[in-house]
1. Pick out, in residue order, every one of the GluC sites (Glu not before Pro) in segment 356-416 that is DSSP loop and has at most 13 other C-beta atoms within 10 Å; say none if there are none.
2. What dipole magnitude, in Debye to the nearest 20, does the chain give about its Cα centre under +1 on Lys/Arg Cβ and -1 on Asp/Glu Cβ?
3. Between ARG19 and ASN474, what's the calculated FRET efficiency when r is the beta-carbon distance and R0 is 22 Å? Round to 0.05.
4. Which value, in Å², gives the accessible area per residue of the chain when a 1.4 Å probe is used on the protein heavy atoms?
5. Would you be so kind as to identify which of PHE119, GLY129, VAL160 lies farthest towards the positive end of the dipole of segment 119-173, taking Lys and Arg as +1 and Asp and Glu as -1 on Cβ and the Cα centre as origin?
6. With r defined as the distance between the Cβ atoms of ARG488 and HIS447 and R0 fixed at 35 Å, what FRET efficiency is calculated, to the nearest 0.05?
7. Taking the Cα centre as origin and putting +1 on Lys and Arg beta-carbons and -1 on Asp and Glu beta-carbons, what dipole magnitude results for segment 307-399, to the nearest 20 debye?
8. With +1 on each Lys and Arg Cβ and -1 on each Asp and Glu Cβ, and nothing else charged, work out how big the dipole of segment 119-160 is about its Cα centre, in Debye to the nearest 20.
Amino acid sequence: MAAAIDKIAGFVSAAPLSRSTLRRDASRHLVSRFGKKLWRASREWGYGLNAYEFRLKGRHPLQLLGSPDDPAPGNATLGSAIFGGDMLYEGESHALSETFWKDIQTKATPGFRRYAHSFHWLQDLAHVGDQVKARDAAETILGWWLESGNVWDKEVWRAVTLARRFINWGAHAPLVLSSEDLVYRSKVLHAMARQLRHLARCHKDADDGLPQVYVATALTLGGLLLPGGAGWLVRGMKLLERTCKSFIQPDGGPLSRNAADAIRTMQMLILVRNTFVEVNADLPPWIQVTLDRIAPFVRAMRHGDGSFAHIGGVSAEGGHGTNAILAASEAKGKAIENAVHTGVQRITAGAACLIVDAGTPPPYWLSHTAAAATGAFELSVGQERLVVNMGPASNRGPLSELAAMARTTAANSTLVVGDTNSSRLTETGHIGAGVSETQTTRETRDHSVSVKVIHNGYERRFGVLHERTLEMDNTGSRLKGTDRLSGRKLKKLGGQSVVLRFHLHPGVQAFKAPDGRISLETRGGKTWIFDCDGAEVEVGESLYLAQRDTPLASKQIIVTSMADEQSPVLLHWSFSEISV
């Protein structure tokens, strides 16, 4: 299967000329989403009644039928912090005590509460050296949770949080179910069954995309791990297959365009696959086929040093144990180069790797992590990054405004007209009007490969289309670019500033030479020259976020031009490696 996929991908990427058009699903489904929210609220009122307790009663499981290995490695440092009496998450810390679960209801942010109640921190405890101590800590904290959390609560039992909690309890059962206290073990198993009965009723409340992957995985694992769970298994597998077909596109990328979502989906599918094997059940073949399709997309989003290109909202470090998950997936497909459904283009030549965001923003309801960055690119050479995008930032980082700023067009290596985003960032954090269509042309020539991307993000406001052409020679030592703004209503563009930004990795030093060109020096001793015709070029300050809460000082190349009302804007530029 992997060999066949590689052959198909090879034919597509090596084709002399390929063209593709992507159109954004701009519907917001406001009516249906409002109706869903109203229906959920009415049912939550019913869940809160004492009578609902009778609906959660059922068969009392005596044991788990298995415990699949979680392919994602945890963070032993965070696990050790729990030994020290603190739970940490994205710069937030709360002390562990018998009143921990009560305390965080008023003292913690919603994000921390979701993290704590999902029991994702079990993944970190599973990777500390002293597993005896880890089991004691896990059982103690879970014991506190059972005192209050085993009763329906609007936040604690929300579908996606409950699903993730069940998955983590099942995948890390050796941490929470190794106790010789039979009463405690019985309480945990009883709580698992109760919550799964509720999830079977409320799973449709979870948002589309990755949340639906979680709830489907939890129902499937429950059906496999709990005695008498055949009904949950059938429902979970139907939902998981349907969700994967709609969320994972033919090129392996998720509809959200976020590689982190692809990695999490792989993690869930691996857990399901391994559980089928562990309980000796027949594994549906589509699970491995889906893994084989996702892996090439994940690989396509990574540079030579293993870090991710900042496209779609994934951070450079990924944060999800990507290497371990790829290895556990057993999917061997090579990195896809022409992801025509997701809108990602990849060119490799010599030691150079160019990754281009050639797609529209994701659908509105899946756009809360994406940036207004159509046409942006990242360039690396070997193990060194050269041109980057700023990357996603945490809301709790040292700069409170950085999370929103990092999603702007100016925070990415592309062109900005009139200091305006190519797609609007709404107050709700989603991406609104702007880029609704992209046209991509990929051409393989004798000595180079080129990608041309045209988007309409500035057409309504300034009457022009942005056309960017990137051409990498076969040695990987020269990248030529052309940015063009043209249209039938150039008067609307007249007098506006046109700025090209190329954000540089913190490991790159930039100097302006007397002739106006920019000299770039990498830590590995490589020298590159940036040149641009007919425009003012300067070196400015920037930030780079390999981790969401850790901004690093860096530089950016800024090319500034002014548009007139008569002629299209045309900027030619290049990055060239200097041989020593």
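1. GLU401
2. Taking the Cα centre of the chain as origin, the dipole is about 2040 debye.
3. 0.50
4. Values: 24760 Å² over 580 residues.
Averaged over the residues of the chain, the accessible area is 43 Å².
5. Looking along the dipole axis, the top candidate is VAL160.
6. So the FRET efficiency works out to roughly 0.50.
7. About 60 debye.
8. Numbers: 4 positive and 7 negative charges, 24 e Å.
The dipole magnitude comes to about 120 debye.
The values are calculated or read from the model by the stated rules, or taken from the named source; none is laboratory data. Remember, predicted model here, so these are calculated numbers, not experimental data. With ideal geometry, Cβ positions are generated from the backbone for all residues, glycine too; neighbour counts draw on all protein chains shown. In case anyone asks, the SASA skips ligands and DNA or RNA and just uses the protein heavy atoms, side chains included. Shrake-Rupley method; radii C 1.70, N 1.55, O 1.52, S 1.80 Å.
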